[in-house]
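Please read the structure below before turning to the comments.
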């Protein structure tokens, strides 16, 4: 198996000098390529903090995170931005598409930041939006799309940079049931057919049921880490 | 794409963009308007003052200004006249022979300044004909005089009365003559109004036994802004035998007054720039705060600070350039209109101006230099202020920024 994330003994403490809050406690995490993993736990259990650390958006107070062989723990801010651009795809709860760009331009934007040639960008944008079932909405701006459609564009954007893995923070929280299932179908298909690694935090039982691995966090620590055989 | 993103971002919040553009627009327009009006007023003041008597430039024999006697006069030859008139930007040159004399009317005598003039040329430079209040204007071959009203009053003389002039002529000769008063002229300056006597130039040269001699040539310009160029050209053309004096050297007190007033005007302009800066900065501050989350998200998905700062800077540039261009397009006809149709005082204020011999107007100077300078200053301020969102981007922590 091919290791994508190797997190050793990571902790995150907020306000260490006043009233310390231990958001993440001594977490060891090993993620292989092609996993479809759910990070679950009650509010305040440290899911988002852990995702931020794994995604290079935050630094752990102690421990280290190695992604695809690169220890990102001590990378400077600018190097981390560059690392994220080429290695990690993000899907946010509130979609976070660029409102002034069309679906096509939102997906193309990431490749533009990577300086991908125009021809290649055009081909990949069409392929990705086809894959998420939005070939008829390419030239539509986010405000004219439903929540589910916006989140599908966000998934296409996350895939555009050809990342090592995709981090999704509560991707279905703002979606109705039908849209949530549709999104999960797309993510599962990408995982299955393209071996894309997904790690997502969620409260949603329907989402948890689709994951092949479920990591439960309680008070910043891993309470359980179980493999599920029943997937999509 | 980055330019497209910046352009579309501008119109995402139409009101905010229009407010910022309006801040820049009104700032530039106000600065152009204020500066053009100030420059116009100073220019007009100078024009009024120099047209009292001195003209913009005078040519004397070297040393005359420090020792104003007839022995420091010079012969006015055709070649000298040609050398002067050949210079660019000179529209007229009027010769004068000036000296002092005692003016007497009956039992009363008073010191006076006698100016021998070419009446028609003098009118071109100092609009002397317009100052005539009684009688008629001089002709070059007359043997009569024009008296300033104040002097005539002191001597208790009127038109057609006789005035006696007594003074010292060229090389110590005696100058004495008696002349019929052809007309009275009125000057706003009391000093000039109580001393001036005008004679036709040939008659003055005859009185002072100084045939074909002059003490000064007064120069008229096509545009006061060419003053320095004309002085420089004349110095080169005429050499060191002559002193070429701009009005600032002849009337340093007026130049000092204008400089003082300009200083206070600069303070007013600085306050205007400051107010404008706060206006623009306020909108930038609002924009930066509103878009904090968005900046954080863009950095999270991999947009480098340099690129993000570039987009924000392009946005600021577009707002500034559009505001400035609109202001220049509006400013040119506005200033041109005020230049052609100056603001006119009425009532008491107009009377005060007229009593000083000034036209009661506030003209604007139409100068592309003023317009472009003010535009450049406000643009520079706006672009300097645009560094704030850039600084914000460079200091932003994406994780903190994305916390709602």
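Averaged over all directions, how much area does the convex hull of the C-alpha atoms of segment A:97-157 cover when projected, in nm²?
3.5
What span do the alpha-carbon atoms of segment A:121-192 cover on each of the three principal axes, reported in whole Å from largest to smallest?
Its Cα atoms span 32, 29, 17 Å along the three principal axes.
Would you mind computing, in nm to one decimal, how far apart the modelled labels at residue B:13 and residue B:341 are, each placed 7 Å from Cα along Cα→Cβ?
For residue B:13 paired with residue B:341, the spin-label model returns 4.1 nm.
Dividing the convex hull volume of the Cα atoms of chain B by its residue count, what figure in Å³ per residue is obtained?
Spread over its residues, the Cα hull of chain B gives 172 Å³ apiece.
What average number of partner chain Cβ atoms lie no more than 10 Å from the Cβ of the residues making up B:287-296?
Across B:287-296, the average partner-chain Cβ count within 10 Å equals 1.
From the Cα trace of the protein assembly as shown, what convex hull volume per residue do you get, rounded to a whole Å³?
Each residue corresponds to 230 Å³ of Cα convex hull volume.
Using helices alone, I'd like the mean residue ellipticity at 222 nm for chain A: each DSSP H run of four-plus residues gives -39500 (n - 2.57), total over residue count, nearest 500.
-11000 deg cm²/dmol
log10 I(q)/I(0), Debye, Cα-only segment B:109-172, no solvent, q = 0.20, 0.25 Å⁻¹?
The Debye formula, applied to the Cα set alone, gives -0.93, -1.30.
In chain B, what percentage of the DSSP-assigned beta bridges are antiparallel, given to the nearest 5?
80
Along the principal axes of its C-alpha atoms, what lengths does segment B:157-273 span, in descending order and rounded to whole Å?
Dimensions of segment B:157-273 along the principal axes of its Cα atoms: 63, 39, 26 Å.
Considering only DSSP beta bridges where both residues belong to the protein assembly as shown, give the percentage that are antiparallel (nearest 5).
70
Project the alpha carbons of segment A:1-114 onto their principal axes and report the range along each, largest first, in whole Å.
45, 35, 29
I want to verify a result. In a Gaussian network model of chain A, Cα cutoff 10 Å, which of these has the top mean-square fluctuation: A:214, A:116, A:66?
So, out of A:214, A:116, A:66, the one fluctuating most is A:116.
Using the Cα atoms as the points, what is the convex hull volume per residue of segment B:57-250 in Å³?
Roughly 111 Å³ of hull volume per residue.
In a solvent-free Debye calculation with one equal scatterer on each Cα, what is log10 I(q)/I(0) for segment B:1-54 at q = 0.22 Å⁻¹, listed in the order of the q values?
Cα-only, vacuum Debye calculation for segment B:1-54: -0.83.
With viscosity set to 0.890 mPa s and temperature to 25 °C, compute the Stokes-Einstein D of chain A, Rh being the Kirkwood radius across alpha carbon pairs; µm²/s, no decimals.
Reported coefficient: 136 µm²/s.
Ignoring solvent entirely, what values of log10 I(q)/I(0) come out of the Debye formula for segment B:284-404 at 0.12, 0.18 Å⁻¹ when each Cα is a single scatterer?
-0.63, -0.93
Using a Förster distance of 25 Å, how high is the FRET efficiency between residue B:71 and residue B:212, based on the Cβ-Cβ distance and rounded to 0.05?
E between residue B:71 and residue B:212, to the nearest 0.05, is 0.95.
What Kirkwood radius, in Å to one decimal, follows from the Cα pairs of segment A:55-181?
The Cα-based Kirkwood calculation yields 15.3 Å.
Take every Cα-Cα distance within segment B:289-335, group them into 10 Å bins from 0 onward, and report for each bin the whole-number percent of pairs it holds.
Histogramming segment B:289-335 at 10 Å steps yields 24, 35, 20, 15, 7, 0 percent.
Report the Stokes-Einstein translational diffusion coefficient (µm² s⁻¹, integer) for segment A:182-225, Rh taken as the Kirkwood radius over Cα pairs, at 20 °C with viscosity 1.002 mPa s.
Diffusion coefficient, whole number: 185 µm²/s.
If I model a spin label at residue A:223 and residue B:235 as a point 7 Å from the Cα along the Cα→Cβ vector, what separation in nanometres do I get?
9.2
For residue B:162, put the label point 7 Å out on the Cα→Cβ axis and report which residues of segment B:84-107 keep their amide N under 12 Å from it.
Label zone hits: B:105-106.
Hey, could you pull the Cα Rg and Dmax for segment A:34-87, both in Å?
12.0, 33
Every number here is computed from the coordinates shown, using simple stated rules; none is lab data. Keep in mind the model is a prediction, meaning the values are calculated, not measured. Because the Cβ atoms are built from the backbone with ideal geometry, glycine has one as well, and the counts that use them run over all protein chains shown.
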